[in-house]
1. Order of 103-114, 57-68 by packing, highest average Cβ count within 10 Å first?
2. Which value, in Å², gives the accessible area per residue of the range 84-131 when a 1.4 Å probe is used on the protein heavy atoms?
3. A 21 angstrom limit on the alpha carbon distance is what I want to check against. Which of Lys23/Lys127; Lys33/Lys116; Lys23/Lys131; Lys51/Lys131; Lys30/Lys131 exceed it?
4. Which three extents, in whole angstrom, do the alpha-carbon atoms of the range 59-145 cover along their principal axes, largest first?
5. Ignoring any ligand, DNA or RNA, what whole percent of the accessible area of the range 33-145 comes from carbon and sulfur when the probe is 1.4 angstrom?
6. In whole Å, what are the extents of the range 18-68 along the principal axes defined by its C-alpha atoms, from largest to smallest?
Amino acid sequence: MIKQGLAFFFLSLIVVCNAEPIKYADCGSKVGKIASVDILPCPTQPCILQKGKTYSVNVTFNSNVNSETSKAIVHGIIAGLPIPFPIPIDDGCKSGIQCPMNKDQIYNYINELPVKPEYPSVSIQSKMFNKNAFIFNFIMHFERV
């Protein structure tokens, strides 16, 4: 357990220190405020994601509510419709967020997200929510090769 915690800490440190802030559009964050979205590696914008690779994602946000839980979901936008994309760990409390979340605290949601070869080239919408409302909700545009 200690080894997993240390590994996660160092991954978090690498992501925070080396990532490039990504341009995103807030799509109605209800009970939180996004401070930044970082993708590693992403040396230029728009971010060019290669199919078959995995990217580190860090969303720094402020929670405006107390919450026992958090869950992340990711959608690809295809013909204007959100299509769910599976992510390895959807429980925010297991992805860098120390739960329970407290009001007016800053948190980092950190996850490794694979870009599978079978994924279509689409915009990505990402949401973090508790049982009552979206903590954050944003969309990012990528190029894929």
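The values are calculated or read from the model by the stated rules, or taken from the named source; none is laboratory data. None of the values given here were measured: they were computed from a predicted structure. Glycine also receives a Cβ, built like all others from the backbone with ideal geometry; neighbour counts cover every protein chain displayed. Keep in mind that these areas ignore ligands, DNA and RNA; they rest on the heavy atoms of the full protein, side chains included. Shrake-Rupley method; radii C 1.70, N 1.55, O 1.52, S 1.80 Å.
1. Working: 103-114: 16.7, 57-68: 19.6.
Order by mean packing, descending: 57-68, 103-114.
2. Counting only protein heavy atoms, the per-residue value for the range 84-131 is 54 Å².
3. Numbers: Lys23/Lys127 16 Å; Lys33/Lys116 29 Å; Lys23/Lys131 27 Å; Lys51/Lys131 33 Å; Lys30/Lys131 12 Å.
Table pairs above 21 Å Cα-Cα are Lys33/Lys116; Lys23/Lys131; Lys51/Lys131.
4. 39, 23, 18
5. Working: 3160 of 5690 Å².
Accessible surface attributable to carbon and sulfur in the range 33-145 totals 55 percent.
6. 36, 22, 20
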